[in-house]
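S.K.: Dropping the structure in here first, questions after.
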Amino acid sequence: MHVAGRPVGLLHLTDTDMFWHACRFEPLEGWDAVRPLFDAQNEIAAEGFPPQRAGEFREIRDRGVELRPTDGGARSGFTPFMIYVEGVRARFRR
């Protein structure tokens, strides 16, 4: 996973359920710089997405989250529609 072009973590796919992809998250060196954004997003989701916190919720997406393959294949990266990271667990929608 990259944020603003910087690698911040690795996602290892563990399961797919309809539109959501569950992963094991492995933080990289850049993770600590963006972790507060993901923590805030988790809080906002737990609060039911209050309108007054909409700007905070969009901040991760506005910074340019991109998922890129690490296998060296020809596939290009993509921007997930939604992504959550909580500890060693992550999930995203494409």
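S.K.: Test of understanding: extend the Cα→C-beta vector of Leu10 to 7 Å, then name every residue of the range 34-68 with backbone N under 17 Å from that spot.
M.R.: 67-68
S.K.: While we're on this one: Apply the a/c threshold of 1.5 to the C-alpha gyration tensor of the chain and tell me whether it is rounded, prolate or oblate.
M.R.: Because a/c hits 1.5 or more and a/b exceeds b/c, the chain counts as prolate.
S.K.: In addition: Averaged per residue, what accessible area in Å² does the chain show with a 1.4 Å probe, protein chains only?
M.R.: Per residue, the chain has 65 Å² of solvent-accessible surface.
S.K.: Say each of Glu66 and Gln52 gets a label point 7 Å from the Cα, pointing the same way as Cα to Cβ; how far apart are those two points in nm?
M.R.: Placing both labels 7 Å along Cα→Cβ, they lie 3.7 nm apart.
S.K.: Of all the accessible heavy-atom surface of the range 26-86, with the other protein chains kept in place and a 1.4 Å probe, what percent is carbon and sulfur?
M.R.: About 49 percent, which is the carbon plus sulfur part of the accessible surface.
S.K.: Once fully extended, how much extra length lies between Phe19 and Arg89, figured as 0.36 nm per residue of separation less the alpha-carbon to alpha-carbon distance? Write out the running numbers ahead of the final one.
M.R.: Numbers: separation 70, 0.36 × 70 = 25.20 nm, distance 1.65 nm.
Residue separation times 0.36 nm, minus the Cα-Cα distance, leaves 23.5 nm.
S.K.: Taking the chain as the reference, fit the longest principal axis to its C-alpha atoms, fit the long axis of helix 31-46 to the helix C-alpha atoms, and give the angle between the two in degrees, 0 to 90, nearest 10.
M.R.: Computed tilt is about 50 degrees.
The values are calculated or read from the model by the stated rules, or taken from the named source; none is laboratory data. As the structure is a prediction and not an experimental result, all values here were calculated from the model. Reconstructed Cβ throughout: ideal geometry from the backbone, glycine too, with neighbour counts over all protein chains shown. Quick note on the areas: whole protein, heavy atoms, side chains included, nothing else; ligands and nucleic acids left out. Shrake-Rupley method; radii C 1.70, N 1.55, O 1.52, S 1.80 Å.
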